[in-house]
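Peer 1: Got a structure here, written out as structure tokens. Questions coming.
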Amino acid sequence: MSPFFTIFATQHQAKIRMKIQQEKIDRLRELLARPEQRIVIVSHTNPDGDAIGSSLAWAEVLRTMGHRVTSIVPNRYPYFLDWMPGIGEVVVFKTDVEGQATQAIAGADLIFCLDFNAISRLEILSDTLAANTSARRVLIDHHLSPDGQFDLSFSYPESSSTCFLVYCIVEALCGTDAITRRMAELLYVGMMTDTGNFAFSFLTPELFRAVAVLVEKGLHIPEIHNSVYNAYTEGRARLFGYAINRKMELIEEGTVAYMSLLESEMRKFQFQQGDSEGFVNYALTIKKVKMSAMFLAHRKFIRVSLRSRGDVDVNLFARTYFNGGGHKNAAGGKSFVSMRETIEHYIRSVREFAEQGHLG
């Protein structure tokens, strides 16, 4: 997830320290010991800055070890990430007419799964990945409740981003001297976007020490911030205004918000992948709002994005009512009924969630 304009709670987070077990690093070193392995890196559907940044940075590390690496995502990444170093090397499965992704997965010795906790998060890529039963699978992720389909798992929900987790693994595996300026730029994107520009989510001293190391590599923070947050289209700006003015609704005495966008509405504003990024967070700038939802219509389903602050657990809400999950303050799911029915289900679910005492 790459939130924008968020005000998630950070209480007690500075006390949380992430410690990667040495035995996992040793096991990873063993897996990578044989040279010139065919390695695939995959990340989740609708890849964001953390997914792309961690995948490309980790690919750089593996290539310096002499491995052949292919990075694959299920569908297109947002256009405002087009500038990222090495992004042209990423294979987009949905538009891969030459079958490069399928061939790479079929022949892989190792498959790294970055920034998702279950193979199902790959959606259209899931079956292709499942077809390779011989490659070892390694998870590097910071979401709650990973499934058991991995041979080695670096699952650290206390990490603010997968990019920070990759940084920690590189530090333990190779030392920070192995980090180049190019890697630093990639890793910083994920650290920045998954913390709402360092405004929430496990803002530990270790995170800022990592950022200091990245800056020492020649990182230019204002340039990266501008490339990610100030590179939208006019259509996106107008869509945002429309969504806030016409589509935002408040319920539960103004403590819960939701917005919805139909495909026809998005087409009016020349919608592109990533244009709705951050919309769901904006309602949390309203003082009373504790929880926000965004319903985005797709051809076969409605994507549900959920955000909250404080002790309101949208991971629990998503798992209970929308067959989804994520983090305590940022989660998502899907709905396979109409937009009207989805919103009605959300309103009923919020009421039940409140009655159970989960909204404070």
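The values are calculated or read from the model by the stated rules, or taken from the named source; none is laboratory data. Note that this is a predicted model, so its numbers are computed, not measured. Glycine also receives a Cβ, built like all others from the backbone with ideal geometry; neighbour counts cover every protein chain displayed. Ligands, DNA and RNA are stripped out before the accessible areas are found, and what is left, the full protein with its side chains, is counted by its heavy atoms. Shrake-Rupley method; radii C 1.70, N 1.55, O 1.52, S 1.80 Å.
Peer 1: Given (1) touching a helix residue (DSSP H, G or I) at 6+ places or on another chain (Cβ under 7 Å); (2) modelled with pLDDT of 95 or more, where does Leu296 come up short, assuming only one miss?
Peer 2: (1)
Peer 1: Suppose the filter is in contact with a Phe, Trp or Tyr (Cβ under 9 Å, 6 or more places away or on another chain), of a type outside the set (A, V, I, L, M) and at pLDDT 95 or above; does Ser227 pass it?
Peer 2: Numbers: in contact with a Phe, Trp or Tyr (Cβ under 9 Å, 6 or more places away or on another chain): yes; of a type outside the set (A, V, I, L, M): yes; at pLDDT 95 or above: yes.
In short, yes.
Peer 1: What tally of residues in segment 38-55 results from selecting those that are touching a His at 6+ places or on another chain (Cβ under 8 Å) and either among the small types (Gly, Ala, Ser) or open to solvent by less than 10 Å² (accessible area, probe 1.4 Å) (or both)? Walk me through how you get there before you give the answer.
Peer 2: Keep residues of segment 38-55 that are touching a His at 6+ places or on another chain (Cβ under 8 Å), which gives 38-39, 51.
In the following step, the residues that additionally are either among the small types (Gly, Ala, Ser) or open to solvent by less than 10 Å² (accessible area, probe 1.4 Å) (or both) were identified as 39, 51.
Result for segment 38-55: 2.
Peer 1: What are the pairs, 6+ residues apart or on separate chains, where a residue within segment 348-360 that is free of Cβ contacts under 8 Å to residues at least 60 places away in the same chain has its Cβ under 6 Å from a residue that is surrounded by 15 or more Cβ atoms within 10 Å (Cβ to Cβ)?
Peer 2: Hits for this filter: Ser349/Tyr321; Phe353/Phe317.
Peer 1: Any idea which of (1) assigned to a loop (DSSP other than H, G, I, E, B); (2) at positive phi is the one Glu123 doesn't satisfy?
Peer 2: The single condition Glu123 does not satisfy is (1).
Peer 1: Checking His225 against (1) more than 19 Å from Asp82 (Cα to Cα); (2) touching a residue at least 12 places away in the same chain (Cβ under 8 Å): exactly one of these is not met. Which one?
Peer 2: Unmet for His225, out of (1) more than 19 Å from Asp82 (Cα to Cα); (2) touching a residue at least 12 places away in the same chain (Cβ under 8 Å): (1).
Peer 1: Going through segment 97-125 one residue at a time, which ones are crowded, with 16+ Cβ neighbours inside 10 Å, closer than 18 Å to Pro47 by Cα and more than 16 Å from the chain's Cα centre (by Cα)?
Peer 2: Those that are crowded, with 16+ Cβ neighbours inside 10 Å, closer than 18 Å to Pro47 by Cα and more than 16 Å from the chain's Cα centre (by Cα): Ala101, Ile111, Leu125.
Peer 1: Cβ-Cβ below 6 Å, separation at least six or inter-chain, first residue in segment 58-80 and farther than 21 Å from Ile124 by Cα and of a type in the set (Lys, Arg), second at pLDDT 95 or above and not in a loop (DSSP other than H, G, I, E, B): which pairs?
Peer 2: Correct list of pairs: Arg63/Val69; Arg68/Arg38.
Peer 1: If you don't mind, there's one more thing I want to ask. Which members of segment 294-310 meet the condition of being touching a Lys or Arg at 6+ places or on another chain (Cβ under 8 Å) and outside any strand (DSSP E or B)?
Peer 2: Within segment 294-310, Phe301, Arg309, Gly310 qualify.
Peer 1: Now a separate question. Got a number for residues in segment 213-271 being under 30 Å from Leu187 (Cα atoms), of a type outside the set (Gly, Ala, Ser) and open to solvent by less than 50 Å² (accessible area, probe 1.4 Å)? If you could, list the steps in order and put the result at the bottom.
Peer 2: Kept after step one, since they are under 30 Å from Leu187 (Cα atoms), are these residues of segment 213-271: 213-237, 239-240, 271.
Retained after the next criterion (residues that are of a type outside the set (Gly, Ala, Ser)): 213-217, 219-226, 228-230, 232-234, 236, 239-240, 271.
From the residues that got through so far, the ones that are open to solvent by less than 50 Å² (accessible area, probe 1.4 Å) too are 213-214, 219, 224, 228-229, 233, 236, 239-240.
Within segment 213-271, residues that are under 30 Å from Leu187 (Cα atoms), of a type outside the set (Gly, Ala, Ser) and open to solvent by less than 50 Å² (accessible area, probe 1.4 Å) number 10.
Peer 1: Moving on to the next point. Filter segment 187-197 for residues that are part of a loop (DSSP other than H, G, I, E, B) and either farther than 21 Å from Leu114 by Cβ or modelled with pLDDT of 95 or more (or both) and give the result.
Peer 2: At the first step, the residues of segment 187-197 found to be part of a loop (DSSP other than H, G, I, E, B) are 194-197.
Answer for segment 187-197, where residues must be part of a loop (DSSP other than H, G, I, E, B) and either farther than 21 Å from Leu114 by Cβ or modelled with pLDDT of 95 or more (or both): just Asn197.
Peer 1: Can you tell me which condition Ala172 does not meet? The list is (1) more than 15 Å from Leu56 (Cα to Cα); (2) in contact (Cβ under 8 Å) with a residue 60 or more places away in the chain; (3) buried (at least 21 other Cβ atoms within 10 Å of the Cβ), and all the others hold.
Peer 2: Failing condition for Ala172: (3).
Peer 1: Could you list, in sequence order, the residues of segment 152-169 that are part of a loop (DSSP other than H, G, I, E, B) and free of Cβ contacts under 8 Å to residues at least 60 places away in the same chain? Give the derivation first.
Peer 2: Pass one, segment 152-169, residues part of a loop (DSSP other than H, G, I, E, B): 156-161.
Ser160, the sole residue that qualifies.
Peer 1: Among the candidates Leu203, Leu207, single out the residue that is open to solvent by less than 50 Å² (accessible area, probe 1.4 Å), touching a residue at least 12 places away in the same chain (Cβ under 8 Å), out of contact with any Pro (no Cβ under 9 Å at 6 or more places or on another chain) and outside any helix (DSSP H, G or I). Spell out how you get there, then give the answer.
Peer 2: On the way: Leu207 fails: outside any helix (DSSP H, G or I).
Only one candidate passes the filter, namely Leu203.
Let's see how each residue does on (1) open to solvent by less than 40 Å² (accessible area, probe 1.4 Å); (2) of a type in the set (A, V, I, L, M); (3) touching a Cys at 6+ places or on another chain (Cβ under 8 Å):
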position	(1), (2), (3)
Ala283	yes, yes, no
Ser292	yes, no, no
Ser308	yes, no, no
Ser338	no, no, no
Ile343	yes, yes, no
Gly360	no, no, no
